[in-house]
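A quick write-up on the structure given underneath.
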Amino acid sequence: MNISYSKHTPSPTVSTSSSTKITRCRSSPSTSGTHVGSKNEVPGRTGFAHLFEHLMFEGSEHYDRGYFHPLQEAGAALNGSTNADRTNYWEVVPGNALDLALWMESDRMGYLLPALTEAKFANQREVVLNERRQNYENRPYGLAGMAIVSALYPADHPYHWLTIGEAADIKAAHIDDVRAFFQRYYHPANASLALAGDIDQETGVALAERYFAEIAGGEKPGRVEVAVPAPAIEDVRLVLEDRVELPRLYLAWHSPALFADGDAELDLIGEVLSSGKTSRLYRALVYEQRIATEVAASQNSRELGSFFQIVATAAPGRTLAEVERAIVKEMAALIDRGPTATELERCLAQAEAHFLFRLQTVGGFGGKSDQLNAYNVFLGDPGYFDLDLERYRNATTEQLRQAAAKWLKPGARVVLSVVPRGRVALALGGSQPVAVS
């Protein structure tokens, strides 16, 4: 939706490409999303999108203080997140505080940089570095994800690094670098606004016009274009030593992009393999053979290309070789015969339950407004709920089998053994040391 409007100070009205979707619900959240994530960074300049998630809560020109306090004082809940493809902010506010939420949301979109000082920048850079230490460097198995993506994608691919960024890049970042990053991506031409709650469409659009009009739309960034990684012809076997008690095995394959053909099928395959005690891998590895303490399988959907991953932790006294053999056996059976009709029925019921669970809340992560905004950012269709669910309802056992056969081939994987420090012998044979930090 193209909107023309004005806001904080007298200025010419401009046309922007900010998108607004209004739904009638009982509460009053607002959600803003920016189509920028770590995939929009380049080698040597990683972590900027996540860093700006932090900086956006530190005040703007017309309210140069912490963003949380005034909204929480009004009874609001709010937060934000960044992933490889999208930055997302949401506020759930009482109806009489919606103006406040929109005023503050628009002020940090249009007037963040005048309030961005060296002191704020240095402070939040240290916060991010500390978050990185807590969640990755000092957490058991925390560096495994870095090892996986760096092996799946070449060094110049935007998924080669995690959203948190490389520590050296964060430390080396200069305030002028992040200013330029903000000017390129954080403006209405690259943003989407969803209002959902006890508000009619006419009022909602008028409020959006009132608070966002004078912000220059900017130039919409072009789509990130990358070459599809060449299909693997043999396994990449790696070993990572970590401060852990039990060895853990990671298997990862390239898989279809978010919303592409096969994406929903691989979501369902993940459910067949590891969701619940009757799932194939849990039953075989944890319950029957007792060679693993836990196992998980998932389709990690991303805009430019995804990856499917299986993770299993060896039980005390058992080996990763035993774990791998059991997984390979179950995967071969799935590729050969596909899931049963009963398995698919169970997984479809779980998929529908997940959709309904997300619709129970109007705001917050995964709520109605968040889903409206995500669909609008990625597909240009905020009302994609039914079509999204149909991707799962239309899946057949044969389609799941074909997807597994196409994407989850043996010998085309990244295979990572995470072992206790000093015990490299516990890794799978032929594994090469990997260094990540």
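Farthest toward the dipole's positive end in region 285-437, which of GLN432, PRO382, PHE357, given Cβ charges of +1 (Lys, Arg) and -1 (Asp, Glu) about the Cα centre?
Of the options given, the answer is GLN432.
For region 335-393, what D do you get in µm² per second when you plug the Kirkwood radius from alpha-carbon pairs into Stokes-Einstein at 37 °C and 0.692 mPa s?
Translational diffusion coefficient: 258 µm²/s.
Which pairs in the list LYS171/LYS220; LYS329/LYS406; LYS120/LYS171; LYS277/LYS406; LYS39/LYS277 are over 24 Å apart, alpha-carbon to alpha-carbon?
LYS171/LYS220; LYS277/LYS406; LYS39/LYS277
Given a 1.4 angstrom probe, what's the average accessible area per residue across the chain, in square angstrom?
With all protein chains present, the chain gives 44 Å² per residue.
Take every Cα pair under 8 Å in region 103-241 that's 6+ residues apart, average their separations, divide by the length, and report that relative contact order as a whole percent.
RCO, region 103-241: 29 percent.
Count the net charge of all other residues whose Cβ sits under 14 Å from the Cβ of ARG139, scoring Lys and Arg as +1 and Asp and Glu as -1.
It works out to a net charge of 0.
Please report, for the Cα atoms of region 348-437, the Rg to one decimal and the Dmax as a whole number; what are they, in angstrom?
Values for region 348-437 (Cα only, Rg and Dmax): 20.3, 53 Å.
How much of the accessible area of region 308-390, in percent, comes from carbon and sulfur atoms when a 1.4 Å probe is used?
C and S atoms contribute 58 percent here.
Can you give me the Rg/Rh ratio for region 203-244, using Cα atoms for both radii and the Kirkwood formula for Rh?
Rg divided by Rh gives 1.43.
How would PHE68, PHE212, PHE365 line up by accessible area, probe 1.4 Å, largest first?
Listed by decreasing accessible area, they come as PHE365, PHE68, PHE212.
Cβ under 11 Å from LEU379's Cβ, LEU379 left aside: what net charge do those residues give with Lys, Arg +1 and Asp, Glu -1?
Charge balance near LEU379 sits at -3.
Contour minus end-to-end for LEU113 and ALA230, with contour as 0.36 nm per residue of separation and end-to-end as the Cα-Cα distance?
38.0 nm
In whole percent, what relative contact order does region 286-382 give with Cα contacts below 8 Å and a gap of six or more residues?
15
So how much slack lies between THR203 and ALA74, counting 0.36 nm per residue of separation and subtracting their Cα-Cα distance, in nm?
Working it through step by step, the gained length comes to 44.4 nm.
Based on Cα positions only, what radius of gyration and what Dmax would you give for region 374-421, in angstroms?
Values for region 374-421 (Cα only, Rg and Dmax): 17.5, 50 Å.
Provide the net charge surrounding LEU416, with neighbours chosen by a C-beta distance below 13 Å and charges set as Lys +1, Arg +1, Asp -1, Glu -1.
My count for the surroundings of LEU416 gives -1.
If contacts are Cα pairs under 8 angstrom and at least 6 residues apart, what is the relative contact order of the chain in percent?
It rounds to 23 percent for the chain.
Please report how far the C-alpha centroid of region 302-328 lies from that of region 388-437, rounded to the nearest whole angstrom.
Centre-to-centre distance over Cα atoms comes out at 6 Å.
Taking +1 at the Cβ of each Lys and Arg and -1 at the Cβ of each Asp and Glu, which of ILE215, SER279, PRO43 sits farthest along the dipole of the chain towards its positive end, judged by Cα position relative to the Cα centre?
Looking along the dipole axis, the top candidate is SER279.
Given the chain, what percent of its DSSP beta bridges are antiparallel, to the nearest 5?
Bridges in the chain that DSSP calls antiparallel: roughly 75 percent.
Please report the orientation-averaged projected area of region 134-176, defined via the convex hull of its C-alpha atoms, in nm².
Value for region 134-176: 3.7 nm².
Using the C-alpha gyration tensor of region 53-160, what are the square roots of 5 times its eigenvalues, in whole angstrom, with the largest one first?
32, 16, 14
Which one is right for this structure if percent of Cα pairs over 38 Å apart is calculated from it: (1) 19; (2) 28; (3) 16?
(2)
At a 1.4 Å probe radius, carbon and sulfur cover how many percent of the accessible area of region 110-240?
C and S fraction of accessible area: 51 percent.
Extension gain ALA435-PHE355, at 0.36 nm per residue separation less the Cα-Cα distance, in nm?
Full extension from ALA435 to PHE355 adds 24.9 nm.
Charges only on Cβ, +1 for Lys and Arg, -1 for Asp and Glu: so what's the dipole of region 55-132 about the Cα centre, in debye to the nearest 20?
My answer is approximately 200 debye.
Against the longest alpha carbon principal axis of the chain, how many degrees, from 0 to 90 and to the nearest 10, is the axis of helix 263-274 turned?
Taking the Cα atoms of the chain, the angle to 263-274 is about 50 degrees.
In bins 10 Å wide, starting from 0, what share of all Cα pairs of region 109-149 does each bin hold, as a percent?
In order of increasing distance, the bins hold 25, 33, 23, 18, 0 percent.
Using the scaling law 2.2 N^0.38 Å as the reference, what is the normalised Cα Rg of region 144-234?
Here the answer is 1.59, to two decimals.
If you fit an axis through the alpha-carbon atoms of helix 341-359 and take the longest principal axis of the Cα set of the chain, what angle between them do you get, 0 to 90°, nearest 10?
20
So what is the 222 nm mean residue ellipticity for the chain from helices alone, if each DSSP H run of at least 4 adds -39500 (n - 2.57) and you divide by all residues, rounding to the nearest 500 deg cm²/dmol?
The helix-only estimate for the chain comes to -11500 deg cm²/dmol at 222 nm.
The values are calculated or read from the model by the stated rules, or taken from the named source; none is laboratory data. Quick caveat: nothing in here was measured; it's all calculated off a predicted structure. No Cβ is skipped: glycine too gets one built from the backbone with ideal geometry, and neighbour counts run over all protein chains shown. Side chains included, ligands, DNA and RNA excluded: accessible areas come from the protein's heavy atoms. Shrake-Rupley method; radii C 1.70, N 1.55, O 1.52, S 1.80 Å.
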